[in-house]
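Nothing in this text is a laboratory measurement; each read-out follows from the coordinates by a stated rule. The shown structure was predicted, so the numbers you read here are calculated from the model rather than taken from an experiment. Note that we place each Cβ from the backbone using ideal geometry, even for glycine, and neighbour counts take in every protein chain shown.
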Amino acid sequence: MKENADKNLGDISLADVITKIKQLNPSEFDKMIIASDTGVSRCDYFYVNYRALSAHRDSLKLTFPVFGSITDNFLEFEGGDAKHGELSKFPSERIIDTLSSKHKIEASTDGASLPSDFNFPIDVDANGPNPTQDLYFIADRTYKEQCDECSGNKIITCLDNECSGRHIWDCVECAAKGQVTCNKCAGNGRLDCGDCSGSKWIRCSSCGGDGKVMDKLDTLSAVSSKSRSTRVVKKDCKKCSGKGRKPCNNCNGGKVTCKKCKGNGKVTCSNCDGHKQITCTECYGDKDRYGMIDCPQCLAQGEMGYISFVKTTLNNHQGDKLFDNGSPLSGISELEILNHAVKDAPKIRTLVNINDNTQVSRDQHVEKYAEQFQSDFSLSLDTFDKILEEELAYQVIPCVTVSYTHMLTNQEHEISVLNFFDGAELKFHHSAEEVKKDVKDATKKVGRFFGKMLKTKKFKSKEDRKKEIRLMIYLAKADGVIEEDEKKFLASSINSIDEFTSTEKSEFFDLMNTPQLPALTKADVTFSSEEKLNEVIGMLSNLAASDGNIEQAEQDLINQIKSL
């Protein structure tokens, strides 16, 4: 990797860039003018694929009742520093498994942990760090003792506030009578009638409480029965004798019997269910343990055990990233650079930091990027999380940008070479030959139409100019090689093609880009005057000689133009 990096970090001159562009795209290079004083903007990108192995350590504590099922196993942990030293490997992890699976007891963070708790070696095998690391217990914080909650008696006084160890006590709600006053009738046994609200009377339904009803009265004329008439009058309601109310038939004196207590005024006490006493459901009622419960701390074992230990976990860290060594080049995306990255390149070991063996062999090109990854993953050589191993692959992707002038348009553009030395790729930042149609283009076309129709002097001059540029393109391509001096001469002679329509510009570009030029016709070399023709031939001769030598193919083309 270092040899390849050294090569890719080598010097890149303007001449190297010109040669590379010519190799990669000779046809486009033929239209590019790169000045000798053009600056080369460069950025070396570093693609780094990184992997590290680290060790993380947690200081944990198990607090548990000393169950019979783990008594023998726990004996292996007892004895303190005198027997085990400050740190010692777990004899076995059966005690952790038993407490977890049978009693749902898990370890918690040990608040008494010290940095020295982590001072023990990483377990290794023939292949390096062992994926499953041993647990180490801290001897002076691993012990058992009498439960301080029950003083080793396994049971304590019932914690229920009402019971307080009595187990059975008189019901306070009913004063040990089994009954309490009915809250619906307040102990009276009777309630106001729901129909008359205790008034003994209800409204007469016939007259609606008015005491009067409407009645029709017939009158008869003395002359004839045909003179009978009817009039409406009010009269006393017969149902209530005009009083508007009637005695309530559903109660006695406005009162009814309370259904909840059935007139007794008392109901069964819900607190003791009428038993007058309450028996605690939490504590024991037998003679030896009356009013007591199992100690909730030691779960009636009488002893508590404590194991302070350190757990080591190995973690893999992986990542890849593109770094720019300097100022990144504008107009180039990270994805375009990454397209040149070899992502499956084999990694090499650059760091080992296991126990007393620490070796760092990062080369100078990638050292700062490896340290950046180490920082990103919050790893350290000295403290946990501790980096144990590191391997990486890296690649230098040199990229350069230069500006150039397009031979036909005389406009300046930028071109970049990505991954200059290995599988180089050209990036044109803008299309130099992009033809846009706009309002000005439409105006040019209208002007050309009327100019052609009226045979104006301006139209003839533009047609001469168009043919002149076409012939210059023919001559530049005549010998198959467009020299730099020819490019400059052609560019200065053309100066600009902005005066032409989008269609005419496209014709120039197509002519320049075609591998096989169409045969010249008499129309291609017919100008508005003989004077103009001679001027064009002279200019073509100067173009052919601009590189110091008129090639035979160039002279043949000039002769052909004269003959036509």
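Numerical summary
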| item | result |
| --- | --- |
| Sites matching trypsin sites (Lys or Arg not before Pro) across the stretch 284-323 that sit in DSSP coil, with at most 12 neighbouring C-beta atoms within 10 Å | 287 |
| Cut-off 13 Å between beta-carbons: net charge of the residues surrounding residue 133, Lys and Arg +1, Asp and Glu -1 | -1 |
| Where no second cysteine Cβ lies under 4.7 Å, the cysteines concerned in the chain | 43, 399 |
| Reachable lysines, given that their alpha-carbon falls under 18 Å from the alpha-carbon of residue 243 and they are not under 8 places away in the same chain | 200, 212, 234, 235 |
| Separation between Cα centres of the stretch 17-91 and the stretch 297-330, rounded to whole Å | 13 Å |
| Cα-based convex hull, the chain, per residue volume (Å³, whole number) | 424 Å³ |
| Alpha-carbon gyration tensor eigenvalues x 5, square-rooted, for the stretch 9-129, Å | 70, 17, 14 |
| Estimated inter-spin distance, residue 97 and residue 3, nm [label 7 Å along Cα→Cβ] | 5.3 nm |
| Degrees, to the nearest 10: 530-545 long Cα axis against longest axis of the chain | 80 degrees |
| The stretch 484-530: GluC sites (Glu not before Pro) in DSSP coil with no more than 15 other Cβ atoms inside 10 Å | 499 |
| Alpha-carbon spread of the stretch 439-563, three principal axes, descending order, Å | 43, 29, 25 |
| Cross-link table 31/562; 457/505; 22/467; 144/386; 184/246, entries beyond 31 Å C-alpha to C-alpha | 144/386 |
| Helix 484-494 vs. the chain, principal-axis angle (Cα, 0 to 90°, nearest 10) | 80 degrees |
| Nearby aspartates and glutamates by direct alpha-carbon distance to residue 260 (threshold 18 angstrom, same-chain neighbours under 8 apart not counted) | 192, 273 |
| Calculated FRET efficiency for the pair residue 321/residue 511, C-beta based, R₀ 60 Å, to 0.05 | 0.80 |
